[in-house]
Amino acid sequence: MRTYTQEEKQAVIDRVISGELSTHILADTGIPKSTFYGWLRAYREEQEADNRRTVSIRNFHLLENKVARLESIVEILKSAPCTPKAPLRQRLYAAE
């Protein structure tokens with residue numbers, strides 16, 4: 001079983017990105033299909049993870065508002081005169 005360098009893997013992925021057909025790449029390189037598609041899957045997962053980490057101003061403000069709302073809910077729950085194990089009627093009264 002041959003071990004491929006990171007540069008070789010990247011060169012193959014770059015060919016895919018440029019729009020070359022997978023069948024041509026596989027025929028040219030002789031890389032096993034399972035290896036090729038494993039690299040491709042890892043690349044796509046990495047790209048998706050990078051996209052999730054991207055924060056726009058709009059997303060930042062939405063997250064900021066969500067945190068503020070959740071913090072206010074926590075403060076209300078902390079000030080409630082009952083415990084989480086109190087009877088339902090008592091918890092509903094406290095929530096009102």
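The values are calculated or read from the model by the stated rules, or taken from the named source; none is laboratory data. A quick note: this is a predicted structure, and the numbers were derived from the prediction, not measured. Don't worry about glycine lacking a Cβ; one is built from the backbone with ideal geometry, like all the others, and counts go over all protein chains shown. When the accessible area is computed, the model is the full protein with side chains, heavy atoms only, and any ligands, DNA or RNA have been set aside. Shrake-Rupley method; radii C 1.70, N 1.55, O 1.52, S 1.80 Å.
The residues packed around L63, meaning those with a beta-carbon under 14 Å from its beta-carbon, carry a net charge of +3 if Lys and Arg are +1 and Asp and Glu are -1. Note on K33: lysines with a C-alpha under 17 Å away, same-chain residues under 8 apart excluded, are K9. Just the protein heavy atoms count here, and of the accessible area of the chain at 1.4 Å, carbon and sulfur take up 57 percent.
Of the GluC sites (Glu not before Pro) in the stretch 5-74, the ones in a loop by DSSP (not H, G, I, E or B) with at most 16 other beta carbons within 10 Å are E20. Within a straight-line Cα-Cα reach of under 12 Å, K85 cannot be paired with any aspartates and glutamates, leaving aside sequence neighbours fewer than 8 residues apart in one chain.
The amide H of E20, built 1.01 Å from its N in the peptide plane, has no neighbour under 5 Å, considering only residues 5 or more places off or on other chains.
Placing +1 on the Cβ of every Lys and Arg and -1 on the Cβ of every Asp and Glu, with no other charges, gives the chain a dipole of roughly 640 debye about its Cα centre. Think of the chain as a dipole: +1 on every Lys or Arg Cβ, -1 on every Asp or Glu Cβ, centred on the Cα centre; then among V16, P87, L63, P87 lies furthest on the positive end. Selection among I76, N51, P32 by position relative to the dipole of the stretch 27-96 gives I76 as farthest towards the positive end (Cβ unit charges, Cα centre). Counting only the Cα atoms, the stretch 9-96 fills a convex hull of 185 Å³ per residue.
Using alpha carbon centroids, what distance separates the stretch 1-54 and the stretch 72-96, in Å? Here the two parts' Cα centres lie 54 Å apart. The residues of the chain expose on average 86 square angstrom of accessible surface per residue, using a 1.4 Å probe on protein heavy atoms.
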